[in-house]
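A short worksheet on the structure shown next.
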Amino acid sequence: MQASRLLDNHCSVETPEGIDFTQAMAGPVVRILAFLIDMVWRGLVYALIGILSGFLGGFGMGLYLIIGFLLEWFYPVFFEVFRQGQTPGKKAMGLRVVNEDFTPVGWGASVIRNLLRAADFFPLMYVSGLLSMVLSRRFQRLGDLAAGTLVVHVDRQSAPQLDVSIKPRMPQQALTRAERQGIISLTVRSRTISEPRQQELAELLAPVTGVTGEAGLERLKGMGAWLLGRK
Amino acid sequence: MNLADLQIRAQVRTPWQALDLGVLMARRWFRPLWLAWLLPAVLIFTVLSLGFADDPWVVTLVIWWLKPLFERLPLLLLSRYLFAERTLRGLTWWQLLRTWLFGSIGALLWRRFDPRRAFLQAVTVLEKQKGRARLKRCRTLAYGHGRAATWLTLILAHVEMLLVLAVPVLVLALVGDFFERGPGWWFSDESGLLAHLSNALTLICMSLVAPFYVASGFALYINRRIELEAWDLDLLFRQIVQDHQVTQAKPSAGASSLVTVMLVVMLWLTYLPASPVQAAVVAEVASPDATKKAAVELLSSPPYVIEEEVTQWRWKETEKTDDDSVDSAWLESLFDIQEVSRGGVSDGFYRLAEILMWLGGLMLLVLLARVLWRQLGQSEGQPDRDALEADAPRVLMGMAIGADSLPSDLNAAVMEALDQGDTRLALSLVYRQALHRLVHHYRVEVESWHTELECAAAARCHPDLAGSTLFDELTGVWLRLAYAHESPIRPRVEQLLREVQRELAGCT
């Protein structure tokens, strides 16, 4: 069985109760984009404060420096702790910072991972962080390794859009979980998969459903609609 | 192409997740993909470097321009590795050559600047589509995935530049001041050896990024095909049917045996309470005593009892964290350090350090509060009047000079004493009043054992009273009265009283 050797971008954590939680780890490209979005936001704030502090003279300069310091070091910390691990950039890209066991990230971990940006930055523009991200199995930069955090994709499940022409049918036999998921998936994705291919897939399941041909596909989709709650 | 051999978990992913999967693919097969890119590139690079020894910039430009062709061999390899085929077996030389030649003109000219190159080149290289068919295919595939493909190209192009810049910066940071060069020296020397070195560095950086670029683009392409052709459902349904056939085939033979097994188990379960230990043991021994003995014997041996004699202190064995998130050796060594710091010996130290830190913080807070309290107390009203009065002597030469020992209306008291003919009492009042003012208001430094003359000397040294002879005169008059019993005349006493009240009233 080679199942464990299959490449996958998901990692899972097992709770003491034996329940597996699975999350998709976020890789370099999407994280770089999120960082850039955050950088633009920070740049806007800098520009705004720069203009405002121009009117205040020396005091304005001091204020600018203090806000700059806070923004540079605690902008990510603030959002990670108070906004469920999502800075504006991460939110835009559908990312979230969590601990290695998928619990929400706290003050300690967030401060460590963001203070170590200095290490990731070396020698310039996050090259070390990038290397570490590519080399570590769960796409962790040095700050993540030290703080024990992960950046994961947030599941965005939209409500499945069903073709109204599908007539729901009650399944005639007991279905396992994998079977139910497969049938639902086929029903929901019936718009993106070509008709002949759908026929082919339905034909594969003919020994289970007991119906072949076009009726088989119709039956499968009906079962999918029924499983999704249309009666 | 056999889906059962697919090396990735078939699943429809978002485009961003597909890019992440591409990084994982590039990492698993990095060496062959890297070599497949680098070897042809090095060949051409060497030829070009020899040819354009005087114009090194041409070399990088040409290499950069030829990138789409260099990426074709890694892509071909990747498409085979994905289905667990580790060789290029079955390809003739002509086919291999055709991999490079097919559609190369377009790839090098009008499609060279297509930002979705990594994603769409599979259509040309693997599907061998041309012209209108290719366009149509690209449009189908790019739906929803074009944005991610564009960003992939943009970002990896910048990463490549970053690597080219990072190496000289790193070298300079490590070398330090040894070696004095102006900023930008790396790029300033256009024709020399340095430029060729820089070209080689650029080539290496390109080759390092290329596998990730190719694999990420290919992962996007594969993701789109999984979505359109439902590879995941195909695999799932085949698995379901296979399981179904297995369970269908079994019942005829299996059902009866299953019933038998169930019956046996049930029988055994009903029999179980009567035999607490083991069926085999119970069968052999008959008497209850023997059974008890056997039971005790059994319970005093492993796995019921594990005895171990420990004669010295040792650390508890902590569970090793099963952390396998690092691929390469140097990062693994980093992890070892991390693990050491997590468990075992240093855990206690960390706990201790934490407690000490909190205690220190608390103490600091208490000290700060105390200092603040004192500051607030001092700034309220006249803080040191009482304190000073307490410090300074209240009795001098046997005479009380505290404010409370003197009458509130001094004039009246002195006049009354003079009226009664008690000059001694009147003058003593004036003298005590003068001493009180000097010691408690002018803060003249006197001690309780000082004599009158010493007090006068101390008063003369006081900066505020310099030049004033009043106290000396008063002392003289008082000494004559006190010790020689020479009473001064009444106007003299009155004059001294007025002067004392005028001259020593200044400081309150």
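All of the numbers you see were taken from the coordinates with simple rules; none came from a lab. Because the structure is a prediction, the values reported are computed rather than measured. Every residue, glycine among them, receives a Cβ derived from its backbone with ideal geometry; neighbour counts consider all protein chains shown.
Values for this structure:
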item: Long-range HN-HN contacts of A:R96 with modeled amide H, under 5 Å; result: A:V152, A:V154
item: Share of alpha-carbon pairs per 5 Å distance bin for chain A, given as whole %; result: 1, 6, 10, 13, 12, 10, 10, 9, 8, 7, 5, 4, 2, 1, 1, 0, 0
item: Of B:L162, B:C138, B:L220, farthest towards positive along the dipole that unit charges on Lys, Arg, Asp, Glu beta carbons give the protein assembly as shown; result: B:C138
item: Whole-Hz ³J(HN,Hα) from phi, Karplus 6.51 cos²θ - 1.76 cosθ + 1.60, for region B:109-116, glycine and proline x; result: 9, 7, 9, 4, 9, 5, x, 9
item: Hull shadow area, averaged, region A:123-197 [alpha-carbon convex hull, nm²]; result: 9.6 nm²
item: Euclidean distance of C-alpha centroids, region B:1-68 and region A:158-231, integer Å; result: 41 Å
item: Rounded to 5, percent antiparallel among DSSP beta bridges of the protein assembly as shown; result: 95 percent
item: Normalised alpha carbon radius of gyration of region B:1-116 [divisor 2.2 N^0.38 Å]; result: 1.24
item: Estimated vicinal HN-Hα couplings, Hz - region A:161-177 in sequence order (Karplus 6.51, -1.76, 1.60; Gly, Pro = x); result: 9, 9, 5, 5, 6, 6, 8, x, 9, 6, x, 8, 9, 5, 10, 6, 4
item: Average beta-carbon neighbours from other chains, 10 Å sphere, peptide B:233-243; result: 6
item: Dimensionless Rg ratio for region B:391-503, taking C-alpha atoms and the 2.2 N^0.38 Å reference; result: 0.99
item: Cβ neighbours within 10 Å from other chains - mean over B:22-32; result: 3
item: Taking only Cα atoms of the protein assembly as shown, radius of gyration then Dmax in Å; result: 46.2, 147
item: Cα-based shape type of region B:57-161, given that a ≥ b ≥ c are square roots of the gyration tensor eigenvalues and the cut on a/c is 1.5; result: rounded
item: Mean Cβ count within 10 Å, highest first, over the residues of peptides A:211-220, B:64-73; result: B:64-73, A:211-220
item: Ranked by how many other beta carbons lie within 10 Å on average, peptides A:198-210, B:163-175 from highest; result: A:198-210, B:163-175
item: Cα-based helix-to-principal-axis angle, A:213-227 vs chain A, degrees rounded to 10; result: 50 degrees
item: Residue order, fewest to most beta carbons within 10 Å, for B:I63, A:I112; result: A:I112, B:I63
item: Peptides ranked, highest mean first, by Cβ atoms within 10 Å: ranges A:13-23, A:89-99; result: A:89-99, A:13-23
item: Measure of compaction for region A:91-141 (Cα Rg per 2.2 N^0.38 Å); result: 1.21
item: Footprinting exposure proxy for A:V30, A:V45, B:V42 (fewest neighbouring C-beta atoms within 10 Å first); result: A:V45, B:V42, A:V30
item: Cut-off 15 Å, label 7 Å out along Cα→Cβ of B:R443, residues of region B:459-497 by amide N; result: B:462-465
item: Computed Rg/Rh of region A:159-231, alpha carbon atoms with Kirkwood Rh; result: 0.92
item: For residues of B:118-131, the mean tally of beta carbons on other chains within 10 Å; result: 0
item: Lys, Arg +1 and Asp, Glu -1 on Cβ, resulting dipole of the protein assembly as shown about Cα centre, debye, nearest 20; result: 5300 debye
item: Extension gain from B:D404 to B:R225, taking 0.36 nm per residue of separation minus the Cα-Cα distance; result: 54.0 nm
item: Ellipsoid semi-axes in whole angstrom, largest first, where each is sqrt(5λ) of the Cα gyration tensor of region A:105-231; result: 49, 16, 13
item: Tilt relative to chain A, helix A:57-82 - C-alpha long axis, 0 to 90 degrees, to 10; result: 30 degrees
item: Summed side-chain charge close to B:L77 - residues other than B:L77 whose Cβ falls under 14 Å, Lys, Arg +1, Asp, Glu -1; result: +4
